[in-house]
Structures are given as C-alpha cells and as structure tokens.
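The values are calculated or read from the model by the stated rules, or taken from the named source; none is laboratory data. Just so it is clear, the structure is predicted and the values come from calculations on it, not from any experiment. For neighbour counting, all protein chains shown are included, and Cβ atoms are generated from backbone atoms with ideal geometry for every residue, glycine included.
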Amino acid sequence: MMQKFGILVILSVTGVLSCNAFTIGKPTFAVVPPGSCQLNDDWSSLPLKKVDEISDDTKVFTFVNPDPSKPLNLPTCGCILAQGGKDSEGNGYIRPYTPVSTNAMVGEFQLMVKIYPDGNLSRHMSSLKVGDTMNFKHIKFNVKKQYPFGVKNVGMLVGGTGIAPMVQALHAVLGNTDDTTKVTMLYGSQRSDQILCEETLAEWCKDYPDRLSVIHVLSNEPEGSSWNGERGFITEDLIQKHIPSPGSSVNIFMCGPPPMYNALCGAREEEDISGVLGNMGYAKEEVTKF
C-alpha cells in the first residue's frame, strides 16, 4: 500500500474539470518514475492534432506523441520545453509547459496556453494550424516535484495557467485511493469569466470535500457583479487563514506570472524564499516553485 500524505492547495475550484468544450475528466492516478518520458534531451518535432479555445485568451493544444501507440509517460508535475517561432537572430523561442493531460492518455498530450499580446511563443502557437509541427523535449531539470510529495499538507498558490502543474498534482493525490492528502488552493484570476477549469475544480471539490478546497481570488472583477468571493490578490492574511504554518508538514506549490512569484516567494529562478512566504517563515524546503 502506498504511503499516505496530506496536501494543502490554494486554488480555485468549481464543477467538472471542463472549460467550454474542453474537459479534463475525473482525477486519474497515472504516475510514472522519472526517466520514462518519450521526450528526452533532443528536440522532437510533433504535429498539432487539435485546438480548443477555452477562454478569450487561452487555448488547449493537443499534440501527437513521438510514439502514438504509447502515453507520453511524463513524471508527475514534470514539465516539457516547447520551441517555436524565431527571434531576430533566427533562434526559436523556448518556454516550459506542464501538460494538463495525464499518462492515462495514449498517443497525445495537451497543453493549456494563455496567449499573451507580447508572448512570442504563445502567439506563434496560436497561429498554428492542425498538422503544423512544434519542437519539444524533456530534461531532468524539468521535474520540479515528484509524487509522493512527502508531507501532510500542500498549499497551492496559483495564477492563471499556473493551474496546469496543480492539475497534475491533484490527479495523483485525488486519483490514489490510498492517499489522504488534504489540498487547499488559492487561485488568482482577473475576472470570474477568466477562471480556467472552474467547472472541473468545482466538481472535484464536490467529489472530495474532505480532501480539496479551492478559494478563488479575483483582481479585476467589475464592481456590482454577482461575484461574492474574494477580491484583490493573494495576501499574507489569506495564506495565514487557509494554509498550515511553517514547520507543520506542509509544502506550498507556487505557479503563476512573474509578478506573483516576486510578491509571494521570490523569482522562480531563485532558490531562496523571499516575499510574503519568506516573511512568514517558510523555509525553501517547504516551497516548490514550478
């Protein structure tokens, strides 16, 4: 029997894992060890199979695996590197992405991507047509946290498409019947109509009421709307209210835009913890930057 752990995730949750026509489905335990992924240190050119528009600025891209008869076999919470387009020197733009699909999916994988006006790679991806190809690879450094997570509580501080690695973690935790991890998620979005995977998260919260809770925090929701949840940004007060304190068998998963990292835990590339979490006393071993 697998060892039991607890996870606290700060996130946003609502119905079934679905965004418009795109559906993630129920939590699925499909964990594989590092070193099993079809992608490796060399770039693989993979064709685009399908595109789902799930909000006014976010799409899910489905790509075909190198071996379409097998799953991608990416370690839990591992990411892959995507390369496409060209800069002024002719070099391809590169960015890490975590699939929202699991290893239960055979032959393909799915990436949720926010299309930024100044995002060179995301704009290139948005221009792709079915059948066009992009380059992908996976290196050891791309595995930030491997399941089982080794703590009783996990707090997830999430912004926008930072939900992707959290979905991977939740698949492992909720999909494993022997895991008793508790997850609480603080999920920051701009408006209520921009919450990604809202229905899925809500459904998972309903199905696992003792294991998962999600708190949405909206920074730009119009005044006078029907929204009665949290407004503003993820703050020390919210973290203190919902997440176990330092030293209480907790690991905080952090993923969002650069300003969110800077404010809450320090830049993604920095090993040390600063910002709000640093001020609260969380050690670097208690915070995972995705």
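Please enumerate the residues belonging to the stretch 213-268 that are among the charged types (D, E, K, R) and touching a Ser or Thr at 6+ places or on another chain (Cβ under 8 Å). Quick ask: steps written out before the conclusion?
To start, the set of residues in the stretch 213-268 that are among the charged types (D, E, K, R) comprises 221, 223, 230-231, 236-237, 241, 268.
Glu221, Arg231 - these are the residues of the stretch 213-268 that are among the charged types (D, E, K, R) and touching a Ser or Thr at 6+ places or on another chain (Cβ under 8 Å).
Residues Asp178, Asp237: which one is in a loop (DSSP other than H, G, I, E, B), assigned by TED's automatic domain parsing to the domain that holds Gly159 and surrounded by fewer than 23 Cβ atoms within 10 Å (Cβ to Cβ)?
Going through Asp178, Asp237 in turn, just one is in a loop (DSSP other than H, G, I, E, B), assigned by TED's automatic domain parsing to the domain that holds Gly159 and surrounded by fewer than 23 Cβ atoms within 10 Å (Cβ to Cβ): Asp178.
For Lys144, are the conditions met, namely being in contact with a Lys or Arg (Cβ under 9 Å, 6 or more places away or on another chain), closer than 17 Å to Asn40 by Cα, of a type outside the set (A, V, I, L, M, F, W, C) and crowded, with 16+ Cβ neighbours inside 10 Å?
yes
Scan the stretch 80-96 and give yes if some residue there is surrounded by 14 or more Cβ atoms within 10 Å (Cβ to Cβ) and closer than 22 Å to Glu198 by Cα, otherwise no.
No.
For the stretch 62-78, does any single residue satisfy the condition of being part of a loop (DSSP other than H, G, I, E, B), over 17 Å from the mean Cα position of the chain (by Cα) and under 27 Å from Gln194 (Cα atoms)?
Checked against the condition, which is being part of a loop (DSSP other than H, G, I, E, B), over 17 Å from the mean Cα position of the chain (by Cα) and under 27 Å from Gln194 (Cα atoms), the stretch 62-78 yields no hits at all.
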